[in-house]
1. Leaving out ligands and nucleic acids, and using a 1.4 Å probe, what accessible area per residue does the chain come to in Å²?
2. Tell me what the chain gives for mean residue ellipticity at 222 nm when only DSSP H runs of n ≥ 4 count, each as -39,500 (n - 2.57), the sum divided by the residue total, rounded to 500 deg cm²/dmol.
3. Which percent of the accessible heavy-atom area of the chain goes to carbon and sulfur, probe 1.4 angstrom?
4. Taking the chain as the region of interest, what is the percent of Cα-Cα pairs per 5 angstrom bin, listed from the shortest bin to the one with the maximum distance?
5. Quick one: angle between helix 2-87 and the longest Cα principal axis of the chain, in degrees between 0 and 90, rounded to 10, please.
Amino acid sequence: MEELQTLRSQLLLLHNQLLYERYKREQHAVRNRRLLRRIINATALEEQNNAMSCSSCVYVQSWRATILQILDATFINKAESNVLQQRS
């Protein structure tokens with residue numbers, strides 16, 4: 001009779017240990033999914049940041065080219081007006 005009780009208590013201990021290990025495994029899976037989602041989001045933000053950085057560089061280069069064209073045109077107009085004034 002006592003042997004049967006011992007076996008039942010050992011079985012109960014093993015069952016509790018199994019439940020605990022299952023819980024820990026599930027917690028690790030939840031944590032891993034959360035960390036993976038965080039990594040995916042961070043990677044997406046980095047790619048978006050890089051894309052925006054490249055597009056802003058193109059935008060700045062476009063503005064620089066436009067400003068240089070305006071400055072060149074202004075310089076040419078001043079030079080032509082100086083030539084015309086010197087001829088007069």
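The values are calculated or read from the model by the stated rules, or taken from the named source; none is laboratory data. These numbers come from a predicted model, not from an experiment. Accessible surface areas use protein heavy atoms only, side chains included; no ligands, DNA or RNA. Shrake-Rupley method; radii C 1.70, N 1.55, O 1.52, S 1.80 Å.
1. For the chain, the solvent-accessible area averages 98 Å² per residue.
2. Working: 1 runs with 86 residues, N = 88.
Estimated from H runs of four or more residues: -37500 deg cm²/dmol.
3. Values: 5160 of 8620 Å².
Using a 1.4 Å probe with all protein chains present, the chain comes out at 60 percent carbon and sulfur.
4. Histogramming the chain at 5 Å steps yields 3, 11, 6, 8, 6, 6, 6, 5, 6, 5, 5, 5, 4, 4, 3, 3, 3, 2, 2, 2, 2, 2, 1, 1, 1, 0 percent.
5. 0 degrees
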